[in-house]
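Asker: Sending over a structure as structure tokens; questions will come in a sec.
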Number of protein chains: 2
Amino acid sequence: MNKKCTTDPDRSYKQPEFDLDKYIPGHSVDCVIVGYENQQLKILLVKWKLGGPWALPGGFVGRDQDLEAAAHQVLEERTGLKSIFLQQFHTFGRSDRHSRFKEQMDQVKAISQQLGTMDLKFSKWASQRFISTGYFALTEIKKTCPKPDFLSEKCEWVSLEKLPELIFDHNKIVDKTLKHLRIQLNFLPIGISLMPHKFTMQDLQKLYEAILQRPLERSNFQRKILKLGMLHRNGKLLTGAANKAPYLYSFNLEKYNSMVENGIGFSYLGDKIL
Amino acid sequence: MNKKCTTDPDRSYKQPEFDLDKYIPGHSVDCVIVGYENQQLKILLVKWKLGGPWALPGGFVGRDQDLEAAAHQVLEERTGLKSIFLQQFHTFGRSDRHSRFKEQMDQVKAISQQLGTMDLKFSKWASQRFISTGYFALTEIKKTCPKPDFLSEKCEWVSLEKLPELIFDHNKIVDKTLKHLRIQLNFLPIGISLMPHKFTMQDLQKLYEAILQRPLERSNFQRKILKLGMLHRNGKLLTGAANKAPYLYSFNLEKYNSMVENGIGFSYLGDKIL
DNA sequence: CCAATAGTGTCTGTGAGACAGTATGCT
DNA sequence: AGCATACTGTCTCACAGACACTATTGG
């Protein structure tokens, strides 16, 4: 797995404390947590207990909890990380977004009946109509320490290319996120959340290529990115290979922040993304 | 007022039929309905009865109603129009988004107690925490026929420049919409929803200027818009003024639709909008 | 003729994309 | 030296913005 996870091992929803009355009914958050590793985009998924389906990590909203805080909580509980890049992108409100998946609904009911502390009550609560607000987050995979919640037995990074079938409309939610991400690429210096502290230009380019799903021209990419002025050139990376050593770059935080403020209009819009 | 309104005069929520159990609790939709008239952007507002505040037209969500359908319903009930451009843009989920406006909350409770058919029950229901999904819509003002809902005494188009103080966080919702609209201007041929069937290039430019809140260069605007190829040139408009008659344009629907599909990357991003 | 506004053409600067040329690290 | 990869420079094309020029309408 992912190095050692030294964070609090007990940060998942604790079953005996799960009290329906603490949450507002009918509204949930689902998080598409995007990471990057081995030149692949991956997202964090949970797998339900008792042979249940794969799903996006999600959570309910506390009675006095801000919607965004609920998303942050999911993020923190699943990854162990605070303060990651998090952005709301869409609210999914079709009335049949759960119920039209009949077999899955039955499965969910059965599983949640066995897992919930309140048997039927929880099962009923969990199978009501839910409106769900989708958030997307960007993290460095190496820093995370995935933990399942009380409904799931696994919580893992899965490559976007091998995405399994997800519960309900979650595959569509992922699709929508990716479109959103590609557009956001034009407005946000997204790399800072997905790259390690120091990285080569090639690393960054591979990330952009993974997001845009098309190759970019090496020299033009470099010029374009450097012109934004948010990178700082550090030393060189000597790999031992028989070639010129690439520079290592890191993000200039001040510049980065002012760009998030003001927008950058960095554009790979040219070739239709939508 | 706005010509004669010949649509069904009875299309507002009917008080005696308003049954709380038909709606899901805690979630509402608010619509920022944008129109354009006399070279000004305007939005449709309602004013609560009994001296209550101005507010965005909103509505509750039926138990088996899609979220988007709820927004469409609000739109149709307030404007009399079906099938207008409608797009979800953000869900507002702060837990105190109503409650931190204490005086307003009291006012709302008092008013809804007098207006609701179920007295305290409705008042309590309406003053619970609400998460609200914001939709924005574009309409031609001349086609609309504003009607108040059962909570409001007025429903009017108000110029964005003279926007009154709105209830709760509604002013912020409007601000967010405008930013969204300016960005969308780069992706959508928005004019089609706000312009009359035939219009001059100057009309269209004025609209863009109203949205972007800055002057655009005449000749460049024309070239840029025409290059998109979604306009059809019709006849000339003879005004009787001592100058060259402008052409009248209309939207080419086929082209328009394919652009909405594929995205256009029409860009006034250059000068930071965000 | 002139005044006023509509529409077209041209020049400049910027930036994207293609690709050639130079630099560097290692054998 | 030679290879591989990193980096830089240059060329072309497209387009935005500025502005000059032509066209049309009516006095």
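The values are calculated or read from the model by the stated rules, or taken from the named source; none is laboratory data. Computed from a predicted model, the values in this text were never measured in an experiment. Here the Cβ positions follow ideal geometry from the backbone for every residue, glycine too, while neighbour counts run over all protein chains shown. The protein model used for the area step is the full one, side chains on, heavy atoms only, and it has no ligands, DNA or RNA in it. Shrake-Rupley method; radii C 1.70, N 1.55, O 1.52, S 1.80 Å.
Asker: Taking the convex hull of the alpha carbon atoms in the protein assembly as shown, what volume per residue do you get, in Å³?
Answerer: Residue-normalised Cα hull volume stands at 183 Å³.
Asker: May I pose another question? Averaging over every viewing direction, what projected area does the convex hull of the Cα atoms of chain B cover, in nm²?
Answerer: 16.2 nm²
Asker: Which distance in Å, rounded to a whole number, links the C-alpha centroids of region A:219-259 and region A:146-211?
Answerer: Centre-to-centre (Cα) distance: 22 Å.
Asker: Looking at the axis that maps chain B onto chain A, which chain B residue has the closest Cβ, and how far off is it in Å, rounded to a whole number?
Answerer: B:91, 2
Asker: Residues of B:89-99, mean number of Cβ from any other protein chain within 10 Å of their own Cβ, rounded to a whole number?
Answerer: If you average over the peptide's residues, the count of other-chain Cβ atoms is 5.
Asker: Run through the DSSP bridge list for chain A and note the antiparallel percent, rounded to the nearest 5.
Answerer: The answer is about 75 percent antiparallel.
Asker: Excluding ligands, DNA and RNA, what is the solvent-accessible area per residue of the protein assembly as shown at a probe of 1.4 Å, expressed in Å²?
Answerer: 49 Å²
Asker: Once you have the Cα-Cα distance between residue A:220 and residue A:50, take 0.36 nm times their residue separation minus that, and quote the gain in nm to one decimal.
Answerer: Result for the pair: 56.1 nm of gain on full extension.
Asker: Which one of B:128, B:65, B:148 has its Cα pushed farthest toward the positive end of the charge dipole of region B:58-158, where Lys and Arg give +1 and Asp and Glu give -1 at the Cβ?
Answerer: B:128
Asker: Just to verify a number: what accessible area does residue A:112 come out at with the full protein assembly present, 1.4 Å probe, Å² rounded to tens?
Answerer: 0 Å²
Asker: I would also like to ask the following. Per residue of A:22-34, how many C-beta atoms from partner chains lie within 10 Å of its own C-beta, taken as a mean?
Answerer: Taking the mean over all residues of the peptide, I get 2.
Asker: Using protein heavy atoms only (no ligands, DNA or RNA), what is the total accessible area buried between B and A, 1.4 Å probe, nearest 100 Å²?
Answerer: Answer for the B-A pair: about 2000 Å² buried.
Asker: Counting only protein heavy atoms, probe 1.4 Å: which residues of region A:44-64 lose 10 Å² or more of accessible surface in the full assembly compared with their chain by itself?
Answerer: A:63, A:64
Asker: Here is a further query. Defining the label point at 7 Å along Cα→Cβ, can you sort the distances from residue B:241 to the same site in each other copy, shortest first, in nm?
Answerer: Once sorted, the set of distances for residue B:241 reads 6.5 nm.
Asker: On to the next question. With a 1.4 Å probe and all protein chains in place, put B:72, B:180, B:170, B:232 in order of accessible area, largest first.
Answerer: Listed by decreasing accessible area, they come as B:232, B:72, B:180, B:170.
Asker: Then there's this: Express in nm, to one decimal, how much length is gained between residue B:124 and residue B:87 on full extension, taking 0.36 nm for each residue of separation and deducting their alpha carbon distance.
Answerer: 10.3 nm
Asker: At 1.4 Å probe size, with the rest of the protein present, what percent of the exposed accessible area of the protein assembly as shown is carbon and sulfur atoms?
Answerer: 49 percent
Asker: Using just the helices of the protein assembly as shown, give the 222 nm mean residue ellipticity in deg cm²/dmol: DSSP H runs with n ≥ 4 each add -39,500 (n - 2.57), and the total is spread over all residues, rounded to 500.
Answerer: -9500 deg cm²/dmol
Asker: Multiply the residue gap between residue B:239 and residue B:179 by 0.36 nm, knock off their C-alpha separation, and tell me the result in nm, one decimal place.
Answerer: Computed gain between residue B:239 and residue B:179 is 18.0 nm.
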